[in-house]
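Visitor: Sharing a structure below in structure tokens format, with a few things to ask.
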Amino acid sequence: MPGLNNFDESDLELMRGQVEKFKVSLTEEEMLNLLQIKYRWSTTAHIGGYPATKAPSVVLLDVFANKQMYFFDHDGYLDYDKWKKYYDLGFTMILSNVFDLTPQLRKLHELVRNRMGASVNANFYFANGKNHTSFPPHTHFYPVVVKQIYGKGYWLIDNNKTTLKPQEALYVLRNQHHSVPKCTGPRLSLTINLFP
């Protein structure tokens, strides 16, 4: 696998295919249980910016596509009951640095790390579908592989519409405009950010 500067579309297609074949099974109930591990989720990832740091975090996307953290206690750890109120209202949540959460995710991290030769970051986009919040079209300086865990993912990539079903994957090239224009029901998407 070439270095990130030489990472081309054929490399991403190969990575996408490997990620798509790799089954990751999580339910909404399992996700809610993981979020009750209070000391796993802290605000420290936001020191220095998102997503460049490696500490775990949870953020809410508000109706203006801004990241909010209304639900942490005075020690900087997730207050699950406060968080759950916003989740129940339908806001999309971003859970950062999630490769350590389950044995399946750890194995997927190993697969990607062995392919890249470097450790990479992954995030969950988690929503119940009652309210749609997402980023407007934007780009990243790094390529991304997205895997739909459950629900459907509706993507707009350079004005091309793509619908991901559970366990399907797609890739987004570096500097390619992309967004999720709608959310019609519960969904969990895994984004694998291919930068060291």
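Visitor: Can you confirm whether region 118-141 contains a residue that is free of Cβ contacts under 8 Å to residues at least 40 places away in the same chain, surrounded by 17 or more Cβ atoms within 10 Å (Cβ to Cβ) and in contact with a strand residue (DSSP E or B) (Cβ under 6 Å, 6 or more places away or on another chain)? Can you show your working first?
Guide: Just the residues of region 118-141 that are free of Cβ contacts under 8 Å to residues at least 40 places away in the same chain, to begin with: 139.
Okay, now just the ones that are also surrounded by 17 or more Cβ atoms within 10 Å (Cβ to Cβ), so none.
No: region 118-141 contains no residue that is free of Cβ contacts under 8 Å to residues at least 40 places away in the same chain, surrounded by 17 or more Cβ atoms within 10 Å (Cβ to Cβ) and in contact with a strand residue (DSSP E or B) (Cβ under 6 Å, 6 or more places away or on another chain).
Visitor: So, one more: Say whether the condition of being in a helix (DSSP H, G or I) and closer than 25 Å to residue 29 by Cβ is met by at least one residue in region 109-126.
Guide: Residues of region 109-126 that are in a helix (DSSP H, G or I), as a first pass: 109-116.
Next, only the ones that are closer than 25 Å to residue 29 by Cβ stay: 109.
Checked region 109-126: at least one residue is in a helix (DSSP H, G or I) and closer than 25 Å to residue 29 by Cβ.
Visitor: Does residue 157 satisfy the criteria of being within 12 Å of the chain's Cα centre (by Cα) and either closer than 24 Å to residue 11 by Cβ or without any contact (Cβ under 8 Å) to a residue 24 or more places away in the chain (or both)?
Guide: On the way: within 12 Å of the chain's Cα centre (by Cα): no; either closer than 24 Å to residue 11 by Cβ or without any contact (Cβ under 8 Å) to a residue 24 or more places away in the chain (or both): yes.
No; evaluated as a whole, the condition is false for this residue.
Visitor: How many residues, within region 148-196, are within 21 Å of residue 128 (Cα to Cα) and in a loop (DSSP other than H, G, I, E, B)?
Guide: 10
Visitor: Here's something else I'd like to know. Report yes if residue 144 is closer than 22 Å to residue 114 by Cα, among the β-branched types (Val, Ile, Thr), touching a residue at least 12 places away in the same chain (Cβ under 8 Å) and out of contact with any Leu (no Cβ under 6 Å at 6 or more places or on another chain), otherwise no. Working first, answer last.
Guide: Numbers: closer than 22 Å to residue 114 by Cα: yes; among the β-branched types (Val, Ile, Thr): yes; touching a residue at least 12 places away in the same chain (Cβ under 8 Å): yes; out of contact with any Leu (no Cβ under 6 Å at 6 or more places or on another chain): yes.
Judged against the criteria, residue 144 is a match.
Visitor: Hey, can you tell me all the residues within region 148-172 that are in contact with a Leu (Cβ under 7 Å, 6 or more places away or on another chain) and either within 20 Å of residue 31 (Cβ to Cβ) or not polar (S, T, N, Q) (or both)?
Guide: Looking only at region 148-172, we keep the residues that are in contact with a Leu (Cβ under 7 Å, 6 or more places away or on another chain), and these are 148-153, 155, 162, 164, 170-171.
Residues satisfying the conditions are 148, 149, 150, 151, 152, 153, 155, 164, 170, 171.
Visitor: Here is a list of conditions, (1) in contact with a Ser or Thr (Cβ under 8 Å, 6 or more places away or on another chain); (2) more than 21 Å from residue 18 (Cβ to Cβ), and residue 139 meets all of them except one; can you say which number that is?
Guide: Here residue 139 clears every test but (1).
Visitor: So how many residues does region 7-29 have that are of a type in the set (D, E, K, R) and without any contact (Cβ under 8 Å) to a residue 40 or more places away in the chain?
Guide: Our first condition is that a residue be of a type in the set (D, E, K, R); within region 7-29, this holds for 8-9, 11, 13, 16, 20-21, 23, 28-29.
Cutting the leftovers down to without any contact (Cβ under 8 Å) to a residue 40 or more places away in the chain gives us 8, 11, 21, 29.
Residues that pass the stated criteria total 4.
Visitor: How many of the residues in region 54-101 are under 17 Å from residue 183 (Cα atoms), assigned to a helix (DSSP H, G or I), among the aromatic types (Phe, Trp, Tyr) and out of contact with any helix residue (DSSP H, G or I) (no Cβ under 9 Å at 6 or more places or on another chain)?
Guide: Of the residues in that region, 1 qualify.
Visitor: Moving on. Just give me the residues in region 127-147 being among the β-branched types (Val, Ile, Thr) and part of a strand (DSSP E or B), in sequence order. Quick ask: steps written out before the conclusion?
Guide: First, pick out the residues of region 127-147 that are among the β-branched types (Val, Ile, Thr): 133, 139, 144-146.
The answer is 144, 145, 146.
Visitor: Sticking with this one: Tell me which of these residue 87 doesn't satisfy, since it passes every other one: (1) at pLDDT below 90; (2) of a type in the set (Ser, Thr, Tyr); (3) within 19 Å of residue 150 (Cα to Cα).
Guide: Tallying (1) at pLDDT below 90; (2) of a type in the set (Ser, Thr, Tyr); (3) within 19 Å of residue 150 (Cα to Cα), residue 87 fails exactly one: (1).
The values are calculated or read from the model by the stated rules, or taken from the named source; none is laboratory data. This is a predicted model, so every value here is computed, not measured. When we count neighbours, we look across all protein chains shown, and the Cβ atoms used for this are built from the backbone with ideal geometry, even at glycine.
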